Amino acid sequence: MMEPWTVYLAGEIHSDWRREIMNAALDLPVRFTAPVTDHEASDEIGVHALGPESQAFWKDRKGAGINNARTGTHVARADLVIALFGEHYRQWNTAFDAGRAAALGKPLITIHPEAHDHALKEIDAAAAAVCREPAQAVEILRYITTKN
């Protein structure tokens, strides 16, 4: 039996796209990891662990350092990264994760609407595939994890 692939799901945390991918891939030899998707927990970890801050910049800096340690470790351990850029929200974290994956030589699949094509052209150029829907990424996962 083939060793399971570890797939890191980078991207916005405000929709259920990760669950959609995981449910569609239940029969595949894949293990998923992801950023902390509890927005408040992610934002508050720095001050929770290290103490309060009076300035938002330093509060964010503490949390970002801890979250980057976690995210960077998961991306480094991944066999593949899927990065979803949704239609809403600023997606700097997703772009950073995709860039980290590319810098580490990790295969990358992006998912985003056509309207983002120009803005994401450099990231897409580093990707093995550019999808419009999560279901397309699952079909790619099915192919790469099950075909001999």
**Report entry** Among the candidates Asp117, Asp124, residue that is over 21 Å from Pro29 (Cβ atoms) and surrounded by fewer than 13 Cβ atoms within 10 Å (Cβ to Cβ)
**Finding:** Asp117
Requested in this report: Kindly indicate which of Phe32, Phe57 is under 14 Å from the mean Cα position of the chain (by Cα) and not small (Gly, Ala, Ser).
Outcome: Phe32
Query raised in the report: Would a scan of region 83-97 turn up a residue that is more than 21 Å from Leu120 (Cβ to Cβ) and open to solvent by less than 90 Å² (accessible area, probe 1.4 Å)?
Result: no
Query raised in the report: surrounded by 13 or more Cβ atoms within 10 Å (Cβ to Cβ) and out of contact with any Lys or Arg (no Cβ under 8 Å at 6 or more places or on another chain), is that true of His14?
Result: no
Query raised in the report: Which residue pairs have Cβ atoms closer than 8 Å, lie 6 or more positions apart in sequence or on different chains, and pair a first residue in region 1-24 that is among the small types (Gly, Ala, Ser) with a second residue that is in a loop (DSSP other than H, G, I, E, B)?
Result: Ala10/Ala34; Ala10/Pro35; Gly11/Phe85; Gly11/Gly86; Gly11/Gln91; Ser15/Gly86
Query raised in the report: Out of all the residues in region 36-55, which are more than 26 Å from Asp79 (Cα to Cα), of a type in the set (A, V, I, L, M) and either open to solvent by less than 100 Å² (accessible area, probe 1.4 Å) or in contact (Cβ under 8 Å) with a residue 60 or more places away in the chain (or both)?
Result: Ala41, Ile45, Val47, Ala49
Query raised in the report: Of the numbered conditions (1) closer than 15 Å to Thr37 by Cα; (2) touching a residue at least 24 places away in the same chain (Cβ under 8 Å); (3) open to solvent by 40 Å² or more (accessible area, probe 1.4 Å); (4) not acidic (Asp, Glu), Thr71 satisfies every one except a single condition; which is it?
Result: (3)
Query - In region 23-35, the residues that are open to solvent by less than 50 Å² (accessible area, probe 1.4 Å) and either part of a loop (DSSP other than H, G, I, E, B) or among the hydrophobic types (A, V, I, L, M, F, W, C) (or both) - result: Ala24, Ala25, Leu28, Pro29, Val30, Phe32, Ala34, Pro35
Requested in this report: Scan region 112-126 residue by residue and report those that are farther than 20 Å from Ser15 by Cβ and touching a residue at least 24 places away in the same chain (Cβ under 8 Å).
Outcome: Ala126
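The values are calculated or read from the model by the stated rules, or taken from the named source; none is laboratory data. Just so it is clear, the model here is predicted, and its values are computed rather than measured. Methodologically, a virtual Cβ is constructed for each residue, glycine included, from the backbone with ideal geometry; neighbour enumeration extends over all protein chains shown. Side chains are part of the model used for accessible areas, which takes the heavy atoms of the whole protein and leaves out ligands, DNA and RNA. Shrake-Rupley method; radii C 1.70, N 1.55, O 1.52, S 1.80 Å.
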